[in-house]
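Engineer: One structure, pasted below without further comment.
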Amino acid sequence: MSSSNEKNKVVDFDFHGIVGVRLINPTGSDVNIIKRKYELLPSNLAYKPDIVITFVEKLELSDLVYVGLHTAAYNNNDFIVLSNGKQDVKLKIPFEDIGIRQVNITC
């Protein structure tokens, strides 16, 4: 479901008991995208989320090696998805999380 305190708004989605996704500090638009695209409503997870997506004002990125036409990059710690569209969307996935533990995505 949704909970909030002064700092963090948290919204959870249960993808049919297979994958739990937690959004931290999403906008209403972010939540609506998930609701529309996957036809899901926010819910309380009965288990630890598999994916945590944290929305931040700005990503701190350094020492990037670009892949393709500046649509993706990596550094020693992270894989980064870049966008050159109207909105400068960036997404960071720590290498250390992939396949081992809960995936923490920052965007």
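The values are calculated or read from the model by the stated rules, or taken from the named source; none is laboratory data. Please read all numbers here as calculations on a predicted model, not as lab measurements. We place every Cβ from the backbone using ideal geometry, glycine too, and count neighbours over all the protein chains shown. When the accessible area is computed, the model is the full protein with side chains, heavy atoms only, and any ligands, DNA or RNA have been set aside. Shrake-Rupley method; radii C 1.70, N 1.55, O 1.52, S 1.80 Å.
Engineer: What is the sum of charges, Lys and Arg at +1 and Asp and Glu at -1, for the other residues whose Cβ falls under 11 Å from the Cβ of Asn76?
Structural biologist: Counting the neighbours of Asn76, the net charge comes to -3.
Engineer: How large is the accessible surface per residue of the chain, computed with a 1.4 Å probe and reported in Å² as a whole number?
Structural biologist: Value for the chain: 70 Å² per residue.
Engineer: Could you give the longest part of the chain that holds none of the trypsin sites (Lys or Arg not before Pro) found in DSSP loops with at most 15 neighbouring Cβ atoms within 10 Å?
Structural biologist: Longest site-free region, per DSSP loop and neighbour criteria: 8-57.
Engineer: May I ask for the angle, rounded to the nearest 10°, between helix 28-38 and the longest principal axis of the chain, with both axes built from Cα atoms and the value confined to 0 to 90°?
Structural biologist: On a 0 to 90 degree scale, this one is about 80.
Engineer: Using only the heavy atoms of the protein chains and a 1.4 Å probe, how would Leu69, Leu82, Leu91, Leu23 rank by accessible area, largest first?
Structural biologist: My answer, sorted largest first, is Leu69, Leu91, Leu82, Leu23.
Engineer: How big is the antiparallel share of DSSP beta bridges in the chain, given as a percent to the nearest 5?
Structural biologist: Of all bridge pairs located within the chain, approximately 70 percent are antiparallel.
Engineer: Sticking with the crude label model, points 7 Å out along Cα→Cβ, report the distance from Phe95 to Lys37 in nm, one decimal please.
Structural biologist: 2.6
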